[in-house]
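One structure is given here, and the rest of the page talks about it.
Read-outs: derived from the displayed coordinates by stated rules, not from any lab. Fair warning: this is a prediction, and the values are worked out from it, not measured in the lab. Glycine gets a Cβ as well: all are built from the backbone with ideal geometry, and neighbour counts include every protein chain shown.
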Amino acid sequence: MDTSEVHTDGNGVAGMLQQIFVTEITAARRVCDSCGEEHPIGAHRAYSGAGTVLRCPGCGDVAAFVSELPNEYVIGLRGAWRLRR
């Protein structure tokens, strides 16, 4: 299969991503890759240090990390995140 005809780059989904990430994030739900439990983001435990780490309330596995640099954010997400429109 020629994949050059079935993909685009990140610019092709920029509008969709912008709409997704302005939603009320604390009500979003996340399914943990480790334990399989589903919890709202607001229920996750937040730890601060060199950045902020969110941990699953069920098993403590890392759900997300955010680091703030002078001109950008570095963000990592794990598991399936459900964001309502």
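Counting other C-beta atoms within 10 Å, and keeping those with at most 15, which DSSP coil GluC sites (Glu not before Pro) do you find in segment 24-85?
Answer in residue order: GLU24, GLU37.
When the Karplus curve 6.51 cos²θ - 1.76 cosθ + 1.60 is applied with θ = phi - 60°, which whole-Hz ³J(HN,Hα) does each residue of segment 72-85 get, with x for Gly and Pro?
Values, residue by residue: 6, 10, 10, 10, x, 10, 10, x, 9, 9, 10, 10, 7, 7 Hz.
How far, in nm, would the chain grow between LEU83 and ALA14 when pulled straight, counting 0.36 nm per residue and subtracting the alpha carbon separation?
Answer, rounded to one decimal: 23.2 nm.
How much length is gained if the chain between GLU68 and SER48 is pulled fully straight, taking 0.36 nm per residue apart and subtracting their Cα-Cα distance, in nm to one decimal?
Answer, rounded to one decimal: 6.0 nm.
Indicate the gyration tensor shape class of segment 14-55 (rounded, prolate or oblate), computed on the Cα atoms with a ≥ b ≥ c the square roots of the eigenvalues: a/c under 1.5 is rounded; otherwise a/b larger than b/c is prolate and the rest oblate.
Oblate, since a/c reaches 1.5 and b/c is not below a/b.
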